[in-house]
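Comments concern the structure below.
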Amino acid sequence: MFGGVLCFAGLESGYVFVAALRGFASSWTSVAFWLAAAAVFGPLAGLTSQALRAGRRPWNALGGGLVAGIVSGEGLVAYLTVRDTTNPDYWIGQMGRGRARVGGRGAAE
């Protein structure tokens, strides 16, 4: 559960660090938002990942479905909103990985 928080916080920290290396500024508002998101959604991500790894039904199916939905949903939202500023192939690939997750536990690993 706390691993999810650490992962999300690490993602934000890495983004800010690399953006600074490349000469881009990050606002404290954005950092605060994503760290708050880490605190809220990190435990949920950790719980769904644990449910997916547990291997017991229905928890396995619930965890896999939630992970697939999050990955596919993020890909779709990003494709629709930022495809003009980032490579759309990345978001299409992310949606494909989410769909592959629905097809089988090891399909997207």
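The values are calculated or read from the model by the stated rules, or taken from the named source; none is laboratory data. Everything quoted here is computed from the prediction, not taken from an experiment. Here Cβ is always computed from backbone atoms with ideal geometry, including for glycine, and neighbour counts include all displayed protein chains. All accessible areas refer to the heavy atoms of the entire protein, side chains included, with ligands and DNA or RNA removed. Shrake-Rupley method; radii C 1.70, N 1.55, O 1.52, S 1.80 Å.
In the range 12-34, which residues are part of a helix (DSSP H, G or I) and surrounded by 12 or more Cβ atoms within 10 Å (Cβ to Cβ)?
Quick first cut of the range 12-34, residues part of a helix (DSSP H, G or I) only: 12-21, 28-34.
Answer for the range 12-34, where residues must be part of a helix (DSSP H, G or I) and surrounded by 12 or more Cβ atoms within 10 Å (Cβ to Cβ): E12, S13, Y15, V16, A19, S30, V31, F33, W34.
Out of everything in the range 53-78 that is within 15 Å of the chain's Cα centre (by Cα), hydrophobic (A, V, I, L, M, F, W, C) and open to solvent by less than 70 Å² (accessible area, probe 1.4 Å), what residue ends up being farthest from C7 (Cα to Cα)? Walk me through how you get there before you give the answer.
Of the residues in the range 53-78, the ones within 15 Å of the chain's Cα centre (by Cα) are 63-78.
Next, only the ones that are hydrophobic (A, V, I, L, M, F, W, C) stay: 66-68, 70-71, 76-78.
Filter again for open to solvent by less than 70 Å² (accessible area, probe 1.4 Å), leaving 67-68, 71, 78.
Working: V67: 15, A68: 18, V71: 15, A78: 20 Å.
Looking at residues that are within 15 Å of the chain's Cα centre (by Cα), hydrophobic (A, V, I, L, M, F, W, C) and open to solvent by less than 70 Å² (accessible area, probe 1.4 Å), I get A78.
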